[in-house]
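Below you'll find the structure, written out as structure tokens, and then a few comments.
None of the figures in this text is laboratory data; all of them are computed from the coordinates on show. Just so we're clear, the structure is a prediction, and the values are computed from it rather than from any experiment. Cβ placement follows ideal geometry from the backbone for every residue including glycine, while neighbour counts extend to all protein chains displayed.
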Amino acid sequence: MHDVIILGSGPAGLTAAVYTARANLRPIVIEGLDVDHQPGGQLMTTTDVENYPGFPKGISGPDLMQLFRDQAERFGTVFRTEDATRVELSESVKKVFVDSESAPLEARAVIIATGAVAKYTGAKGEKELQNFGVSACATCDGSLFRGEDVIVVGGGDTAMEEALYLANLVKSVTVVHRRDTLRASRIMQERAMKHPNIRFLWNKVPVELLGVAEKRLRAVRLQDTQTDETTEMPIGGVFVAIGHVPSTRLFVGQVDMHDNGYLRTVPGSSRTNLEGVFACGDVQDHVYRQAITAAGTGCMAAIDAERWLSAQG
């Protein structure tokens, strides 16, 4: 019987591991293995992190997550590089099933930090050019594109937020949307349309991103959704803002979720609807989605779990 099992090894999960390990709770971290839940989370595909406090010269995402991991390991965290395949969380003994064992791992408390995965368009060359001109986070990467013409793909509030943020940093922003109307809230639409540095291309979708051979985005090929005509547009950056998918499949029917699939936590805490089950990071945060906020909620989850376990005697 373990004190606590942590599912996920991004900034939230590893911060929770540091705090629970220092509280002598001997955490087990199931750090993930598949392409969407790889050890280290989304930062493993980020080349430059310039906004994480304590690194004035910046640091690569993988290097930052290795430091997180080293710190957690130093205090006694045990890592298992595999995926959780099934969980049973409603009883007092929490059960986590993994591929390598027929019997489940058992714990008194579970911290869920499985994160979220950005949606991409699926355009040719998009995957190969991630971090070479393609991003799903303007707040994370926008400053790297100063002086560039960029496009934002999407038509919701997130796309408008990304466009407005970028408009004050880059040379120009073009919002590319597959329809001729936005689904963003009226106020966000008005803000974006009034900004002098934002223009809109309607009824267009990216079908190919050019520059794979050079490992640097140089243009995007757009297709008209009504005529199928394609045009090529030189561009310095593509920001995909069509949403994220929280990694909550394991918890359906057990942990309460919002309509958008993110785990529901008690405001001001990391507690879920289940006793002894806590959630932190992007799996429960669809607003900020930053490494620093994920780490903060990982700290909250660890403290909440330690206090809950202490109260159980």
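Between Glu190 and Met233, the modelled labels are 2.6 nm apart [label points 7 Å from Cα along Cα→Cβ]. P(r) for segment 134-240, from all Cα pairs and a bin width of 5 Å, is 2, 13, 25, 24, 20, 11, 3, 1, 0 %, short bins first. Taking segment 270-312 and a reference point 7 angstrom along Cα→Cβ of Ser90, the backbone N atoms nearer than 13 Å belong to 274-275. For Ala123, the shell of other residues with beta-carbons less than 14 Å away shows a net charge of +2, using +1 for Lys and Arg and -1 for Asp and Glu. Working from Cα pairs under 8 Å separated by at least six residues, relative contact order for segment 134-240 is 31 percent.
Across all directions, the average projected area of the convex hull around the alpha carbons of segment 207-275 is 8.6 nm². With a Förster radius of 30 Å applied to the beta-carbon distance between Glu106 and Arg183, the computed FRET efficiency rounds to 0.10. With a 4.7 Å Cβ cut-off, tell me which Cys residues in the chain come up empty for a partner. Here Cys280, Cys299 come out as lacking a disulfide-compatible partner, given the Cβ-Cβ threshold of under 4.7 Å. Computed about the Cα centre, the dipole magnitude for segment 134-240 is approximately 220 debye when only Lys and Arg (+1) and Asp and Glu (-1) carry charge, each at its Cβ. With no solvent and one point per C-alpha, what does the Debye sum give as log10 I(q)/I(0) for segment 1-115 at q = 0.13, 0.14, 0.15, 0.23 Å⁻¹? Here log10 of I(q) over I(0) equals -0.48, -0.55, -0.63, -1.26. Calculated FRET efficiency, Arg26 to Lys215, Cβ-Cβ distance, R0 = 41 Å: about 0.40 to the nearest 0.05. Less than 10 Å Cβ to Cβ from Ile242, Lys/Arg counted +1 and Asp/Glu -1: what total charge do the surrounding residues give? Taking every other residue near Ile242 into account, the sum is +2. Evaluated at q = 0.30 Å⁻¹, the base-10 log of the normalised Debye intensity for segment 266-313, with identical point scatterers placed on the Cα atoms, takes the values -1.13. When peptides 84-90, 277-283, 148-154 are ranked by their average number of other Cβ atoms within 10 Å per residue, the highest-first order is 277-283, 148-154, 84-90.
Taking amide H positions as modeled 1.01 Å from N, with prolines and chain starts lacking one, the residues under 5 Å from Phe200 and 5 or more places away or on another chain are Val175.
The Rg/Rh ratio for segment 172-313, using Cα coordinates for both the radius of gyration and the Kirkwood hydrodynamic radius, is 1.13. Ranked by the mean number of other Cβ atoms within 10 Å of their residues, highest first, the peptides 4-16, 196-208, 291-303 fall in the order 4-16, 291-303, 196-208. Counting alpha carbon pairs within less than 8 Å and at least 6 residues apart, what relative contact order, in whole percent, applies to the chain? Result for the chain is 21 percent. Rounded to the nearest 20 debye, the dipole size of segment 139-195 about its Cα centre is 180 debye, using +1 on the Cβ of Lys and Arg and -1 on the Cβ of Asp and Glu. With K and R counted +1 and D and E -1, the other residues having a Cβ less than 12 Å from that of Phe132 yield a net charge of -1. Phi-derived couplings, Karplus 6.51 cos²θ - 1.76 cosθ + 1.60 at θ = phi - 60°, listed residue by residue for segment 208-216: 7, 10, 9, x, 4, 4, 7, 6, 7 Hz, with x used for Gly and Pro. Dividing the helix sum by the residues of the chain, where each DSSP H run of 4 or more adds -39500 (n - 2.57), gives a mean residue ellipticity at 222 nm of -7000 deg cm²/dmol. Multiplying the residue separation of Asp256 and Asn168 by 0.36 nm and removing their Cα-Cα distance gives an extension gain of 27.8 nm. One decimal place: the segment Arg264-Lys57 gains 70.9 nm when fully extended, by the rule 0.36 nm per residue minus the C-alpha distance. Could you tell me the calculated FRET efficiency between Asp224 and Asp70, based on Cβ-Cβ distance and R0 = 45 angstrom, to the nearest 0.05? Result of the calculation: an efficiency of 0.35.
Express in % the proportion of alpha carbon pairs of the chain at distances exceeding 28 Å. More than 28 Å apart: 43 percent of the Cα pairs in the chain.
About its Cα centre, segment 215-285 has a charge dipole of approximately 380 debye under the convention of +1 per Lys or Arg Cβ and -1 per Asp or Glu Cβ, with nothing else charged.
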